[in-house]
Amino acid sequence: MAQAPPSPGGGPFPQMQPGQQPSPEQIRQMQAQLATEAQKAGMSVPQYVERLKAQAMQQHQMRQQQQQQAQGQQQQQGAQPGQQVPIQPGPPKPEAIAVAKFLQGQDLKSRTCIFQEKRKDMFKVKRAIRALHSEAYQKARKKNPLLPEVKDRVTAENTFKLLPLSLLALRVSKIDEHEGHNHAKKKRVKGLWTVKIEQQQEANDTFHYVWLYEGAQWKNKLYAVGALFLILAVVFFPVWPYHLRLGVWYLSMAMLGVLGLFFAMAIVRLILYLITMFTNPPGFWLYPNLFEDVGFFDSFRPVWAWHEDEKAIKKRKKEERLRKKEKREAKANGKVAGGTKGSDDEPNISEPVTTSATGTESAPTDGSIETQQRNLSARVEEVEDE
């Protein structure tokens, strides 16, 4: 029987073009050649086939290992001057942790977002790049040699990309969890986004990143030890000295009194609003931010305010957008806006607002209209407004 010519890879099978189906004659030649090679190796045909499969698998694994080693060498060599480093996540690097600690100590004007049902801090890339170009970063490099050198925009982006590279901060975008549903529009506190991770971790100025790096955990450990001591103190309360137990009783009575006073104030403000809603519409609120998601002292500021209807809210939002636009134009033209300097992302937190009996804002006069400070950080509005 004529022997088939060897394949280019040194195998016992005849050479065929890619996609070409073997003819019956070629199939008989391959079977005969396979039986001959198995007889020479002292194996049966199935055993010889399994041996060929194991050899092919081993060669495939060796090629994959060589490719991974080549990629690792390229990463160790680093980027050439003026070349951006691609983001490939890996374990945290010491220089990445140093950059994260530095940026967390800077004023990045972070916002609060909801990420995986937890509150996280979110910041813009342009503020991080600006912090890496600042004098504070140069001073920090003198104290910490782990911080990379930043000369231009490219080196600043490569330094910033150390954060997603080590999974210390990731790029996110805001989403609406109720998008596509048929129920009413979702309301939320302004500035509180629900975000998701983006696949492309780029360093564009307008992109947002969320902090995953939580820093040292010694505070959490200290809180855990304090909670343990508190539990033990409560358990051993019956063996406390008499004077300490008497003091705890007075303290508990005082706390109950404060709680009762809070409920009484909530009932009084509701009754006052219901009365003024008919006598002086649109109604009068005592401590309008009492139940808003703000700090303790901000809950009692302002002391009073008129209830705003939908028209008044839309009018105020329109005026805020106009003021924001004028402020940006003034900054672009090099002009200094009057009053306090606000953020270029959000309007001023507190600003004087005058109210009237009709619930609409009016210009301040010298009459009896009272000027008050209204807290705008606790405002609830539609998702599409931001």
For this session: Under 6 Å between Cβ atoms, at least 6 apart or on separate chains: pull out the pairs that start in region 118-135 with a residue that is in the same structural domain as Ala100 (by TED's automatic domain parsing) and surrounded by fewer than 20 Cβ atoms within 10 Å (Cβ to Cβ) and end on any residue that is of a type in the set (Ser, Thr, Tyr) and not in a strand (DSSP E or B).
Result: Asp121/Ser110
Exercise. If we scan region 89-104, do we find a residue that is within 19 Å of the chain's Cα centre (by Cα) and of a type in the set (S, T, N, Q)?
Worked result: yes
For this session: Report, by residue number, each residue of region 136-178 that is free of Cβ contacts under 8 Å to residues at least 40 places away in the same chain, small (Gly, Ala, Ser) and either buried (at least 21 other Cβ atoms within 10 Å of the Cβ) or not in a strand (DSSP E or B) (or both).
Result: Ala136, Ala140, Ala156
Problem set entry | All positions within region 276-295 that are farther than 19 Å from Glu310 by Cβ and charged (D, E, K, R) | Asp293
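Results for (1) in a strand (DSSP E or B); (2) free of Cβ contacts under 8 Å to residues at least 60 places away in the same chain; (3) outside the structural domain of Ala100 (by TED's automatic domain parsing), shown as yes or no for each residue.
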| residue | (1), (2), (3) |
| --- | --- |
| Thr194 | yes, no, no |
| Thr206 | no, no, no |
| Leu230 | no, yes, yes |
| Ser252 | no, yes, yes |
| Tyr273 | no, yes, yes |
| Pro282 | no, no, yes |
For this session: Could you tell me whether any residue of region 108-124 is at pLDDT 90 or above and among the charged types (D, E, K, R)?
Result: yes
Exercise. Out of (1) farther than 30 Å from Lys109 by Cβ; (2) at pLDDT 90 or above, the odd one out for Phe207 is which?
Worked result: (1)
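The values are calculated or read from the model by the stated rules, or taken from the named source; none is laboratory data. What you see is a predicted model; the values in this text were computed from it and never measured. Methodologically, a virtual Cβ is constructed for each residue, glycine included, from the backbone with ideal geometry; neighbour enumeration extends over all protein chains shown.
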